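Dumping the structure here so I can ask a few things about it.
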Amino acid sequence: MFHRSFFLSLLVTLATIHGSYAVDYTVTNTAASTSGGARYSREIGDAYSKQTLASATDFIWKLFQTPNPADRKNIATVGLFIDDMDGVAYASNNQIHFSARYIGGYSGDLKREFNGVLYHEMTHIWQWNGNGQAPGGLIEGIADYVRLKANYAPSHWVQPGQGTKWDQGYDVTARFLDYCNGLRNGFVAELNKKMRAGYSNQFFVDLLGKSVDQLWSDYKAKYGN
């Protein structure tokens, strides 16, 4: 009985490990000789980066309600590159490129900011974009929504109700999506699933019974704007 219990326990452990490492994460610091690249190595490091990439993936899969691999993109490897470049970060071709210059000059809680940026960029790796038909502001808003729900929203973000249009992007759209998700729990996950094959503003009507423009008006009114 002991051996059988131990064996079953081992199988569960192996299954958990396999699930956690179904995606391979690689990290390459191409800017190691710069001050920002050196700060990355000193204060963050590759092991921490891989752990954060894996945690971000697990969080996104859960938030997007995609426990079934068939509902997700088929991606075997995600690469993180610390590059000597301007800007902050971008995702392309299952790779995330993070600015060593940004890391070098950041004056706040570096690990928290690093995590927040990686959660945003990892969302771009896994989200559906309506085959390129979805508004860019919505795509960026969903990525910042993930960052928001992971509790990595920075203090300089707009407050709920602020902004000029629903697809303004980033923090503005993230706050609006959070409002919409409050109307129907799981809304963002369902919206993402609908965007697998294409995009239409009708998705908001299908899921919430109102046009996106009406929802934006309701959202602004709720916060006195």
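The values are calculated or read from the model by the stated rules, or taken from the named source; none is laboratory data. Nothing here was measured: the structure is a model prediction, and the numbers come from that model. Quick reminder, even Gly has a Cβ in these numbers, built from the backbone with ideal geometry, and neighbours come from all protein chains shown. All accessible areas refer to the heavy atoms of the entire protein, side chains included, with ligands and DNA or RNA removed. Shrake-Rupley method; radii C 1.70, N 1.55, O 1.52, S 1.80 Å.
Exceeding 27 Å between C-alpha atoms, which entries from my cross-link table qualify? They are Lys165/Lys194; Lys194/Lys220; Lys111/Lys165; Lys50/Lys149; Lys149/Lys220.
Cα-Cα > 27 Å for Lys111/Lys165; rest within.
Please give the length that would be gained between Asn185 and Asp24 if that part of the chain were fully extended, namely 0.36 nm times their separation in residues minus their C-alpha to C-alpha distance (nm, one decimal).
Extending this stretch completely gives an extra 54.8 nm.
Now a separate question. Springs between alpha-carbon atoms under 10 Å, Gaussian network over the chain: tell me which of Gly116, Gly132, Gly108 tops the mean-square fluctuations.
Looking only at Gly116, Gly132, Gly108, the biggest GNM fluctuation is shown by Gly108.
Among DSSP beta bridges lying fully in the chain, give the percent that are antiparallel, nearest 5.
Around 25 percent antiparallel, to the nearest 5.
Okay, next question. For Phe81, list long-range residues whose amide hydrogen, built 1.01 Å from N in the peptide plane, is under 5 Å from its own amide hydrogen.
Amide H neighbours of Phe81: Thr28, Ile96, His97, Phe98.
Just add up the charged neighbours of Ala70: K/R +1, D/E -1, any other residue whose Cβ is under 13 Å from the Cβ of Ala70.
Overall, the nearby charge balance is +3.
Apply the Karplus parameterisation 6.51 cos²θ - 1.76 cosθ + 1.60, with θ equal to phi minus 60°, to every residue of the range 22-31 and state each ³J(HN,Hα) to the nearest whole Hz, in sequence, with x for glycine and proline.
Coupling constants for the range 22-31: 5, 9, 8, 10, 10, 10, 10, 9, 7, 10 Hz.
Kindly provide the Kirkwood hydrodynamic radius of the range 131-225 in Å, to one decimal, from all pairs of distinct alpha carbon atoms.
One over the average 1/r among Cα pairs gives 13.3 Å for the range 131-225.
How big is the charge dipole of the chain about its Cα centre, in debye rounded to the nearest 20, if each Lys and Arg gets +1 on its Cβ and each Asp and Glu gets -1 on its Cβ?
In total the dipole reaches around 520 debye.
With contacts defined as alpha carbon pairs under 8 Å and 6 or more residues apart, what's the relative contact order of the range 40-193 in percent?
Dividing the mean separation by the residue count of the range 40-193 yields 22 percent.
Summing Lys, Arg as +1 and Asp, Glu as -1, what charge do residues with Cβ under 14 Å from the Cβ of Lys149 carry, Lys149 excluded?
Spelling it out: positives minus negatives among the neighbours equals -1.
Another question, then. Within the range 103-139, name every residue whose backbone N is under 18 Å away from a label modeled 7 Å from Cα of Trp157 along the Cβ vector.
Inside the label zone: 108-125, 127, 137-139.
Give, in nm to one decimal, the length gained when the segment between Tyr90 and Gln202 is fully stretched (0.36 nm per residue of separation minus the Cα-Cα distance). Spell out each step's value before the answer.
Working: separation 112, 0.36 × 112 = 40.32 nm, distance 2.91 nm.
Length gained, Tyr90 through Gln202: 37.4 nm.
Quick one: which residues, 5 or more positions from Gln162 or on another chain, have an amide H under 5 Å from its amide H? H modelled 1.01 Å from N in the peptide plane, none for Pro or chain starts.
Amide H neighbours of Gln162: none.
Still on this model: Quick one: Karplus J couplings for the range 41-53, per residue in order, coefficients 6.51, -1.76, 1.60, θ = phi - 60°, nearest Hz, x for Gly and Pro?
In residue order, the calculated couplings are 4, 6, 9, 10, x, 5, 4, 5, 4, 4, 4, 5, 4 Hz.
Can I ask one more? Hey, any idea what Rg/Rh is for the chain, computing Rh the Kirkwood way over Cα pairs?
Values: Rg = 19.4 Å, Rh = 18.9 Å.
Rounded to two decimals, Rg/Rh equals 1.03.
Given a 1.4 Å probe, how much area per residue of the range 14-96 is accessible, in Å²?
54
Also: Taking the chain as a Gaussian network, where each spring joins two C-alpha atoms under 10 Å apart, which residue of Ala56, Ala38, Ala197 fluctuates the most?
Most flexible of the set in this elastic network: Ala197.
Tabulate in residue order the Karplus-calculated ³J(HN,Hα) for the range 85-95, using 6.51 cos²θ - 1.76 cosθ + 1.60 with θ = phi - 60°, rounded to whole Hz; enter x for Gly and Pro.
Result, ordered by residue: 8, 7, x, 10, 6, 8, 10, 7, 6, 6, 10 Hz.
If you take the charge dipole of the chain about its Cα centre, with +1 on Lys and Arg Cβ and -1 on Asp and Glu Cβ, which of Leu110, Ile125, Ala56 is farthest toward its positive end?
Most positive-ward Cα: Ala56.
Can you list the aspartates and glutamates whose alpha carbon is less than 16 Å from that of Lys73, not counting same-chain residues fewer than 8 positions off?
Straight-line reach from Lys73, under 16 Å: Asp24, Asp58, Glu121, Glu190.
A further question on this structure: Find out how many positive minus negative residues lie around Thr34, taking Lys and Arg as positive, Asp and Glu as negative, among other residues whose Cβ is under 10 Å from that of Thr34.
Once positives and negatives cancel, what remains is 0.
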